[in-house]
Each structure stands twice: as structure tokens, then as C-alpha cells.
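Nothing in this text is a laboratory measurement; each read-out follows from the coordinates by a stated rule. Computed from a predicted structure; not experimentally measured. As a convention, Cβ positions derive from the backbone with ideal geometry for all residues, glycine included, and neighbour counts pool all protein chains shown.
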Amino acid sequence: MRITYFCCFTVLVLAASAILVSARPPAGGTITGKVTYTGTPVKMKPIDMSKEPVCAKEHNPPEKTETVVTGAGNSLEYVVVYLSAGDKPSAPPSQPVRYDQKGCMYVPHVLVMEANQPLQIYSDDPVAHNIHPMPKANSEWNKSQPPGAPPIDTKWEKPEFIAVKCNIHPWMHGYFAVLTTSHFAVTDADGNFTIKDVPPGKYTVTAWQESYGTQSQEVTVSAGAATANFSYKALPY
């Protein structure tokens, strides 16, 4: 009888284990790729910060404008790549994203966040800034941030790409990328990106560059990896 009970118990354990394994969600995959350009992009000019010497001395040589940042092999940096269709909605993260004003520059140049995710805007400079996002779908605002001021706490309710400027320092320019997906990436200095933990399925992957616009392609993700490469035609103007 003991042997019978043991065998039955073993069968039940194996059956339960099989149910647990089958109930687990399929392993996520990754989408990797590279964003490049063809043609001749406009040359970025050195930024003249002479009107703000305390910031100018932090940049030697001077920083260049970041509207189009290129790298080796015709790569493009600061391109936002994200799932624009096919992804399941999820609650926005409670962890805030951070935007810095340092040396009279926006860091990072492009900051990605989810709609309704907390955003904190800091100033590390000993000079005043006047941060001015210019949304179209969300409400526009313009706030002063003197030295030593606490961070500006805010969020964006609707998805869009929002240009940001400083009314005091006209060379300061950046973007907020507000998305409805948690699956996104920003290309690095070599134009590479990786979107992690993507559930198996079919998706539309979109790349956005502030001067060259958007491109999209369809991608199927399995338990392994999928690839999505993008190429923009650069125009010298």
C-alpha cells in the first residue's frame, strides 16, 4: 500500500508541475537593430555659450548642436525605436524619469517616458533656466528654475514627441518622447538599439528621429531575437 500511495503522490506532483510550466508565459525575446543614414547630413555647428561664461568653461572644446548626431558607419544617435502597434497596454511605472540641465545643456538630449509616468526635471547649474516644453496634444507650460531650486515634478497624459527649449539660453534644445508602450530604446553612439523582454507576437516597430521623421516595419518576435534595421535619407539642409 505504501508503494501505491508513493506512486500516486509522484504522479500528482508531476502533473502539478506540468500545469505550472504550461501556465507560465512564453519567454520574452529581444528586438535588436541599427539606425543609419545615406546621403549627406547637415553639419552640426559648435554652440556659442559666451553669454553664459560659467557654462562655457565646462565645454572644451565647445559642444555641438544635437539635432542630427552621427557616428561611425553612417550611424545615427538619439533615435527612439519603439513598439507602435501590437503591444498590450500596461500601467505606467511609478518610478520617475529624470531630466537634467547641466552645463546649459539638456541631458539626455532625448528622454523617453510612458504616458502618466512621473517626470522630474533637475537643474545642476549655478544659473537660472526657463524650461519650456512645447506639446501639441498636452498642455503647454513654461517654468523658471533658479539655482538650487527643487526639481520640477510633472507628467504627460497623452503620447507625443515634445520639443523642449530654454527661453534664457536659446541653444538649449531637447525632446520628451511620451509613449504608450514600455518596450522602447534609444540608439547609442553607434546607432545600435535593443528592446528587451518583448512577448512573442507580431508588432509594428517605429523609429523616430527629430529631423528625419518616422519609419516603421513589421516584426515577428519568438522566444529568441528579431532584427529591425532602419535607414534614413539625410539631406544637407
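Tabulated data for the structure shown
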read-out: Meets criteria (small (Gly, Ala, Ser) and surrounded by fewer than 17 Cβ atoms within 10 Å (Cβ to Cβ)) for Gly191; value: no
read-out: Tally of residues being closer than 28 Å to Thr67 by Cβ and either among the basic types (Lys, Arg) or in a strand (DSSP E or B) (or both) across the stretch 197-218; value: 11
read-out: Criterion (touching a Lys or Arg at 6+ places or on another chain (Cβ under 7 Å) and closer than 17 Å to Lys34 by Cα) met by exactly one of Gly191, Gly213; value: Gly191
read-out: Members of the stretch 50-90 that are among the aliphatic types (A, V, I, L, M), closer than 23 Å to Tyr175 by Cα and out of contact with any His (no Cβ under 7 Å at 6 or more places or on another chain); value: Ala56, Val68, Val69, Leu76, Val79, Val80, Val81, Ala85
read-out: Sole exception among (1) in a loop (DSSP other than H, G, I, E, B); (2) in contact (Cβ under 8 Å) with a residue 24 or more places away in the chain; (3) not aromatic (Phe, Trp, Tyr) for Val178, by number; value: (1)
read-out: Filtered residue count, the stretch 108-165, keeping only those that are hydroxyl-bearing (Ser, Thr, Tyr) and assigned to a loop (DSSP other than H, G, I, E, B); value: 1
read-out: Matching residues, the stretch 120-166, being of a type in the set (S, T, N, Q) and farther than 14 Å from Asp100 by Cβ; value: Asn130, Asn138, Ser139, Asn142, Ser144, Thr154
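Yes or no, residue by residue, for (1) surrounded by fewer than 16 Cβ atoms within 10 Å (Cβ to Cβ); (2) more than 26 Å from Ala228 (Cα to Cα):
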position	(1), (2)
Met49	no, yes
Pro53	yes, yes
Lys57	yes, yes
Thr65	yes, yes
Asn74	no, no
Val79	no, no
Ala85	yes, no
Pro89	yes, no
Met105	no, yes
